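For reference, the structure is listed below as structure tokens.
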Amino acid sequence: MSLPPRPASSLSPLVPLGYLIGAAAAFLVASLSVAWLGPELAGHYYHPRLLALTHTVTLGWVTLAIMGAGYQLIPIVLERPIWSERLARWQLAILAVAVTGMVAHFYLGTWPGLAVAAGLLAIGIALHLGNVGMSLRGFTRWTFTARLVVLAYGGLALTTLFGLALAVNRMWPFLPGELFPILHAHVQLALLGWVTPMILAVTARVYPMFFLAPAPRRWHALLQLWGLAAGVPAVVLGLLGVPGLLVAGALAVAAAAGAHAAWVCEMVRARKRPGLDWGLRFVLTATAFLAPAAVLGVAMATDRLTGPRVALAWAVVTLGGWISLTIVGMMLKIVPFLVWYRAYSPRAGREPVPTLAQLSWPGAERLAYVLLTGGGVLVAAAVLVGEVTWIRAAGAVLALGALAFAAALARVLGHLFHAGVQSSPPHSAGRTVPKSA
């Protein structure tokens with residue numbers, strides 16, 4: 001199939017690529033750390049080194065990846081040019097310093113430095129929200145995707161303020177109530193209020209293009225949107241002291257996840273694209289992780305399952321399974337697209353240029369698929385049991401998968417140097433578009 005033409009925009013492909021490369025580096029660091037942190041992962045999740053690992057994943061990997069993909073996809077899915085490339089570049093530099101500082105201070109357990117890094121992170125996220133807000137000013141096409149994007153950015157703003165308050169609270173306690181319910185609320189707000197709606201928003205628009213399949217039907221869309229809009233506040237408030245809302249909120253979020261999974265299954269059956277590349281296999285496998293994530297989430301909300309082992313297993317299934325595998329699959333689609341535009345679009349039509357499939361390395365992608373999906377399952381099972389040896393063995397599998405993923409990306413990025421491109425290509429909506437795999 002042909003990918004859609006890139007809308008007119010002054011944004012260089014190097015901007016989203018910078019975010020995605022930084023995110024991939026954080027993913028590699030986090031994956032390599034799992035085996036090393038086996039003793040900590042066999043204990044309680046509230047440990048400085050595990051907090052460092054968690055924020056490497058949530059901020060360095062997930063948040064940077066979503067922001068980078070957003071700078072590429074907002075002009076496509078919402079048809080709005082990015083307001084300021086310069087602001088996007090400054091924001092990346094600020095976020096890189098902030099995330100590195102937060103992870104380091106979590107690891108060392110030094111709270112004043114953590115508060116400073118959290119403040120810098122808040123500035124970087126505020127710049128991103130401002131850039132996106134200016135990009136969407138005057139926007140009137142409130143589709144399902146657009147509503148979920150706004151919901152996600154609202155969740156990001158609240159999560160940032162919540163996290164900043166927690167960092168300050170470590171030095172000057174001012175938050176009422178016990179620590180763990182507040183901490184749990186912060187985690188759920190981040191994963192369910194920021195990451196989940198953004199993934200559902202983007203997939204609703206790009207999966208039909210990738211699979212040559214129909215978009216979500218009305219009931220799929222409504223259940224996803226309102227399941228999150230009603231369920232996330234209920235979960236957060238339930239954790240913060242209104243216990244009657246917790247179960248209802250968890251069920252609403254599970255219903256949204258179920259509606260998304262049902263649509264993906266229906267889409268796969270109706271697709272017109274016969275073959276599946278490894279990026280698409282990643283995103284389909286990621287969807288399968290929604291079932292155990294939802295079951296564990298509802299079980300914890302109803303107190304059917306409790307304890308740090310269950311919470312860690314849920315985090316691995318959700319973060320390492322559904323979210324991470326979805327992002328890996330999307331990056332295997334987006335990065336070749338960006339590299340092609342940077343390296344080869346000026347030459348298209350004048351000389352032979354490679355296709356998107358020729359930029360990729362299917363062998364490394366296949367290896368990454370086997371090791372990352374298998375490693376995710378093994379790590380979840382190992383932390384549930386709490387056996388250090390098992391965690392280290394599973395972490396080694398996960399690390400090898402991350403290395404294979406990094407190698408696949410490096411192969412694609414190598415075309416930037418191979419092509420010898422020195423300046424950004426001109427952007428226009430009518431440029432020749434590469435054929436996908």
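Observations on the model:
- Taken over region 222-374, the ratio of Cα radius of gyration to 2.2 N^0.38 Å equals 1.33.
- Relative frequency of Cα-Cα separations exceeding 17 Å in region 1-132, percent: 61 percent
- Per the Kirkwood formula applied to alpha carbons, the chain shows a radius of gyration over Rh ratio, Rg over Rh, of 0.95.
- Looking at the chain, the accessible area is 41 square angstrom per residue; that uses a 1.4 Å probe and ignores ligands, DNA and RNA.
- F174 accessible area, assembled protein chains, probe 1.4 Å, Å²: 120 Å²
- Residue-normalised convex hull volume from the C-alpha trace of region 125-174: 77 Å³ per residue.
- Accessible-area rank, largest first, for H418, H128, H184: H418, H184, H128, with all protein chains present and a 1.4 angstrom probe.
- Shown for region 91-232 is the translational diffusion coefficient from the Stokes-Einstein equation, using the Kirkwood radius over Cα pairs, a temperature of 4 °C and a viscosity of 1.567 mPa s: 77 µm²/s.
- In terms of accessible area, using a 1.4 Å probe and ignoring ligands and nucleic acids, E178, E85 rank largest first as E178, E85.
- Computed over the Cα atoms of region 210-276, pair by distinct pair, the Kirkwood hydrodynamic radius stands at 12.9 angstrom.
- Residue-wise HN-Hα coupling along region 162-172, computed from phi with Karplus coefficients 6.51, -1.76, 1.60 (Hz; x: Gly, Pro): 4, x, 4, 5, 5, 5, 5, 5, 5, 9, 10
- Measuring max minus min along each principal axis, the C-alpha atoms of region 162-224 give extents of 54, 21, 12 Å (largest first).
- Carbon plus sulfur fraction of accessible area for the chain, probe 1.4 Å, in percent: 70 percent
- Counting every C-alpha pair in region 10-79, the share spaced more than 15 angstrom apart comes to 58%.
- Between E79, E365, E351, the residue with the greatest mean-square fluctuation in the GNM of the chain (Cα pairs under 10 Å linked by springs) is E351.
- Each helix, a run of at least 4 DSSP H residues, gives -39500 (n - 2.57); summed and divided by the residues of the chain, these come to -23500 deg cm²/dmol at 222 nm.
- For the chain, a crude dipole built from +1 on the beta carbon of Lys and Arg and -1 on the beta carbon of Asp and Glu, taken about the Cα centre, is about 1260 debye to the nearest 20.
The values are calculated or read from the model by the stated rules, or taken from the named source; none is laboratory data. Values in this document were obtained by computation on a predicted structure and should not be read as measured data. Every residue, glycine among them, receives a Cβ derived from its backbone with ideal geometry; neighbour counts consider all protein chains shown. Keep in mind that these areas ignore ligands, DNA and RNA; they rest on the heavy atoms of the full protein, side chains included. Shrake-Rupley method; radii C 1.70, N 1.55, O 1.52, S 1.80 Å.
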